[in-house]
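Have a look at the structure below before the remarks.
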Amino acid sequence: MIPGDCEHNAHLFYLLLPERMNTREALRMLNERGVNALSHYVPLHSAPAGVRFGRVSGPMTVTDACAGQLVRLPLWVGMTPADV
(Lines give C-alpha, C1' and ligand atoms only; values in the text may rest on other atoms or scores of the structure.)
Protein backbone atom coordinates (compact mmCIF):
# COMPACT_ATOMS: atom_id res chain seq x y z
CA MET A 1 0.00 0.00 0.00
CA ILE A 2 1.28 3.46 -0.89
CA PRO A 3 1.27 5.89 2.07
CA GLY A 4 -1.16 8.79 1.73
CA ASP A 5 1.58 11.40 1.50
CA CYS A 6 3.37 9.55 -1.33
CA GLU A 7 2.75 8.90 -5.00
CA HIS A 8 3.64 5.78 -6.96
CA ASN A 9 6.48 6.45 -9.38
CA ALA A 10 4.69 4.46 -12.11
CA HIS A 11 7.94 2.83 -13.06
CA LEU A 12 6.89 -0.80 -13.32
CA PHE A 13 4.66 -3.54 -12.05
CA TYR A 14 5.82 -7.11 -12.28
CA LEU A 15 4.54 -10.61 -11.73
CA LEU A 16 6.60 -13.59 -10.65
CA LEU A 17 4.85 -16.47 -12.38
CA PRO A 18 4.74 -19.94 -10.84
CA GLU A 19 7.51 -22.26 -12.03
CA ARG A 20 5.00 -24.58 -13.64
CA MET A 21 3.53 -21.82 -15.82
CA ASN A 22 4.79 -21.42 -19.38
CA THR A 23 5.95 -17.80 -19.46
CA ARG A 24 5.91 -17.52 -23.24
CA GLU A 25 2.34 -18.78 -23.33
CA ALA A 26 1.31 -16.36 -20.56
CA LEU A 27 2.88 -13.44 -22.48
CA ARG A 28 1.15 -14.53 -25.68
CA MET A 29 -2.24 -14.73 -23.98
CA LEU A 30 -1.83 -11.34 -22.29
CA ASN A 31 -0.75 -9.67 -25.53
CA GLU A 32 -3.71 -11.24 -27.38
CA ARG A 33 -5.94 -9.49 -24.82
CA GLY A 34 -4.26 -6.12 -25.42
CA VAL A 35 -1.95 -6.22 -22.40
CA ASN A 36 1.54 -5.35 -23.60
CA ALA A 37 3.33 -7.66 -21.16
CA LEU A 38 7.02 -8.38 -21.63
CA SER A 39 9.76 -10.55 -20.23
CA HIS A 40 11.35 -8.31 -17.63
CA TYR A 41 14.83 -9.46 -16.72
CA VAL A 42 17.93 -10.71 -18.49
CA PRO A 43 20.46 -11.81 -15.88
CA LEU A 44 23.66 -9.83 -16.15
CA HIS A 45 25.76 -12.98 -16.30
CA SER A 46 23.98 -14.06 -19.49
CA ALA A 47 23.76 -10.64 -21.18
CA PRO A 48 26.34 -10.11 -23.94
CA ALA A 49 28.49 -7.70 -21.90
CA GLY A 50 28.16 -9.91 -18.82
CA VAL A 51 29.35 -12.94 -20.73
CA ARG A 52 32.28 -10.96 -22.12
CA PHE A 53 33.35 -8.99 -19.04
CA GLY A 54 31.66 -10.55 -16.01
CA ARG A 55 32.42 -13.31 -13.57
CA VAL A 56 30.08 -15.53 -11.61
CA SER A 57 30.56 -17.83 -8.68
CA GLY A 58 28.39 -20.90 -9.01
CA PRO A 59 25.69 -22.00 -11.42
CA MET A 60 23.28 -19.00 -10.93
CA THR A 61 20.27 -21.36 -11.00
CA VAL A 62 18.04 -19.18 -8.81
CA THR A 63 18.80 -16.08 -10.89
CA ASP A 64 18.09 -17.94 -14.13
CA ALA A 65 14.87 -19.41 -12.73
CA CYS A 66 13.58 -16.03 -11.55
CA ALA A 67 14.50 -14.42 -14.86
CA GLY A 68 12.34 -16.96 -16.65
CA GLN A 69 9.37 -16.24 -14.38
CA LEU A 70 9.39 -12.41 -14.24
CA VAL A 71 6.82 -10.65 -16.42
CA ARG A 72 6.51 -6.87 -16.66
CA LEU A 73 3.03 -5.40 -16.99
CA PRO A 74 2.32 -1.98 -18.47
CA LEU A 75 2.06 0.83 -15.95
CA TRP A 76 2.05 4.57 -16.47
CA VAL A 77 1.11 7.71 -14.58
CA GLY A 78 -2.02 8.42 -16.62
CA MET A 79 -3.68 5.02 -16.10
CA THR A 80 -7.37 5.24 -15.37
CA PRO A 81 -9.42 2.65 -13.47
CA ALA A 82 -10.67 1.47 -16.89
CA ASP A 83 -7.07 0.90 -18.02
CA VAL A 84 -6.38 -1.18 -14.95
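Name the single residue that is least open to solvent (accessible area, probe 1.4 Å) among those in the stretch 38-84 being of a type in the set (A, V, I, L, M), closer than 13 Å to residue 16 by Cβ and free of Cβ contacts under 8 Å to residues at least 40 places away in the same chain.
Taking the candidates together, the pick is 67.
When the stretch 32-84 is examined, which residues are found to be at positive phi and hydrophobic (A, V, I, L, M, F, W, C)? The answer is 60, and nothing else.
Restricting to the stretch 24-37, count the residues that are β-branched (Val, Ile, Thr) and open to solvent by 60 Å² or more (accessible area, probe 1.4 Å).
Residues of the stretch 24-37 that are β-branched (Val, Ile, Thr), as a first pass: 35.
Checking which are open to solvent by 60 Å² or more (accessible area, probe 1.4 Å) leaves us with none.
Looking only at that region, the number is 0.
Scanning the stretch 45-72 for residues that are touching a helix residue (DSSP H, G or I) at 6+ places or on another chain (Cβ under 6 Å) and hydrophobic (A, V, I, L, M, F, W, C) turns up 56, 60.
The values are calculated or read from the model by the stated rules, or taken from the named source; none is laboratory data. Here the structure is a predicted model, which means the values were calculated and not measured. Cβ atoms come from the backbone with ideal geometry, glycine included; neighbour counts cover every protein chain shown. Side chains included, ligands, DNA and RNA excluded: accessible areas come from the protein's heavy atoms. Shrake-Rupley method; radii C 1.70, N 1.55, O 1.52, S 1.80 Å.
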